[in-house]
Amino acid sequence: MRDEIESGLPRHVAVSWSNMPDPEHAAREAAQGIRTHDTCFVLALIPPGHDTDVLARVFAEVLDSVPMFGCTTAGQITPNGYEADALMLIGFGRDHFRCASTLIAPLKPLSITGISDTMTRANAKFPRTAGWNRLALVFADGLSKQEDLLASVLESVLEDIPVFGGSAADGMVFERTLILHNGRFQDNAALVLLIETDLHFEGLSFDHFLPDGNELVVTEANTEERLVTEINGAPAAKEYARLVGCAVEDLTPQVFAENPMLVCHKQNHYIRAIHGLIDQNTLSFLAAIDDGLVMVLGRGKGVIETLETELDLLDAAGQRPDFILGFDCVLRKLEVDQKQLGDQVSDVFRRRRVLGFNTYGEQHCGLHMNQTFVGVAFYDRKRSRMF
């Protein structure tokens, strides 16, 4: 499988994956591409349906000397592009990466003081390497509904360290999302990886929606559960359906994906995606919602054109990234599939060397957002950091 597209593989990480349906066979096949003696740590991106107990056992057997991190997903971005059933391992080499991990568990109820103290100690215990730069990756239980506060706390505590991440997922099932930390899977948890690298890196974040001017005000909500029961003084689902031009009974995940709501923060618009419909009236959201929140409907731009433009990255020397680690919302993939653009999106990802997974939400710059692509582009040479 690797020989098929060897020329397009990155130089600074090892990438291996398996599409075998049996978890033990998949884990063993994927592990063959990881050279344990020169690997600092491995990110494992797990497809829906795999028995994680089996995966943990095999990883402990064949990759026991390498720290293993990762999460369950709603799809993977391999060197082939979008996939739904690929167990993918990304090995970060010792030559260019150092890592320290922190597991936050339980994540809910979230303790701001506890996380702050834990991350302050973790950062202080992680010795700095002269000339190397730092970033943090966060993987959170995507059903915890704690990512908004978690992202804000991490941004505040880690200060000059940029934080990027994605919420663990479970396909489109939304039943249980798991975090992998040092070979063990668990829910109600978040993983924070402090990473040092001598490679230049650059953060990116984008979506393909613009505000269309139709304003919505949340007039009744259950903020803890991210539920909205009333918009503009009317039943939430009925008012949303009226604004998008359909009947309540016609509301589907595809309609939600193509007609998200946007909130304005520091003169930028961010998506507040709808998860689903409850009791034909209440709208369930994938990010923070509050009474009095003002939103606007989003109008889509060209998916492929936006993707090409935003991933067309060059560093100061005019070279493209060696690879881009991507956190891509599952609702983006849902819209791509609905519009039959999967092959075109996969082609863009292949050419731009994007590796990553489909999430239940993305974290960047202290914010938890939806229907967004968040990524970190790594280049061959170290230069001044950008984020």
Practice prompt. List every residue pair whose Cβ atoms sit under 7 Å apart, with the two residues 6 or more apart in sequence or on different chains, where the first one lies in segment 352-374 and is in contact (Cβ under 8 Å) with a residue 24 or more places away in the chain and the second, anywhere, is basic (Lys, Arg) and open to solvent by 10 Å² or more (accessible area, probe 1.4 Å).
Written response: 358/333; 370/272; 371/332; 373/332
Discussion item. The conditions are (1) open to solvent by 20 Å² or more (accessible area, probe 1.4 Å); (2) at positive phi; (3) in contact with a Phe, Trp or Tyr (Cβ under 9 Å, 6 or more places away or on another chain), and residue 53 fails exactly one of them. Which is it?
Written reply: (2)
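Quick check on segment 302-321: of everything there that is of a type in the set (Gly, Ala, Ser) and open to solvent by less than 50 Å² (accessible area, probe 1.4 Å), which residue is farthest from residue 237 (Cα to Cα)?
Filtering first and then ranking leaves 318.
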Worksheet, complete the sentence: Within segment 107-126, residues open to solvent by 30 Å² or more (accessible area, probe 1.4 Å), in contact with a strand residue (DSSP E or B) (Cβ under 7 Å, 6 or more places away or on another chain) and closer than 14 Å to residue 190 by Cβ come out as 118
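Counting only residues that are among the acidic types (Asp, Glu) and either surrounded by 13 or more Cβ atoms within 10 Å (Cβ to Cβ) or modelled with pLDDT of 95 or more (or both), which one in segment 1-38 is nearest to residue 379 (Cα to Cα)?
Step by step, filter segment 1-38, then rank; the result is 29.
Look at residue 105 and say whether it is modelled with pLDDT of 95 or more, out of contact with any helix residue (DSSP H, G or I) (no Cβ under 9 Å at 6 or more places or on another chain), among the small types (Gly, Ala, Ser) and over 27 Å from residue 8 (Cβ atoms).
Numbers: modelled with pLDDT of 95 or more: yes; out of contact with any helix residue (DSSP H, G or I) (no Cβ under 9 Å at 6 or more places or on another chain): yes; among the small types (Gly, Ala, Ser): yes; over 27 Å from residue 8 (Cβ atoms): yes.
Criteria met by residue 105.
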Worksheet item: So which strands (runs of 3 or more DSSP E) are wholly in segment 163-249 and hold at least 1 residues that are among the charged types (D, E, K, R)?
Response: 184-186, 190-197, 201-206, 209-222, 227-231
Worksheet item: Do you know which of the residues in segment 332-345 that are open to solvent by 10 Å² or more (accessible area, probe 1.4 Å) and part of a helix (DSSP H, G or I) is farthest from residue 207 (Cα to Cα)?
Response: 343
Practice prompt. Write out, first by first residue and then by second, each pair whose Cβ atoms fall under 7 Å of each other, whose residues are 6+ apart or on separate chains, and whose first residue, in segment 56-75, is open to solvent by less than 10 Å² (accessible area, probe 1.4 Å) while the second is part of a helix (DSSP H, G or I) and among the basic types (Lys, Arg).
Written response: 58/28; 75/333
Response to the item:
Of the candidates 104, 90, 46, the one satisfying the condition of being touching a residue at least 60 places away in the same chain (Cβ under 8 Å), crowded, with 17+ Cβ neighbours inside 10 Å and touching a Leu at 6+ places or on another chain (Cβ under 6 Å) is 90
Practice prompt. Just give me the residues in segment 267-301 being assigned to a loop (DSSP other than H, G, I, E, B) and either open to solvent by 30 Å² or more (accessible area, probe 1.4 Å) or modelled with pLDDT of 95 or more (or both), in sequence order.
Written response: 267, 279, 280, 281, 288, 290, 291, 292, 293, 301
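The values are calculated or read from the model by the stated rules, or taken from the named source; none is laboratory data. Only a predicted model underlies this, so the values are computations on that prediction, with no experimental measurement involved. Cβ atoms come from the backbone with ideal geometry, glycine included; neighbour counts cover every protein chain shown. Heads up: the accessible areas ignore ligands, DNA and RNA and are worked out on the full protein's heavy atoms, side chains in. Shrake-Rupley method; radii C 1.70, N 1.55, O 1.52, S 1.80 Å.
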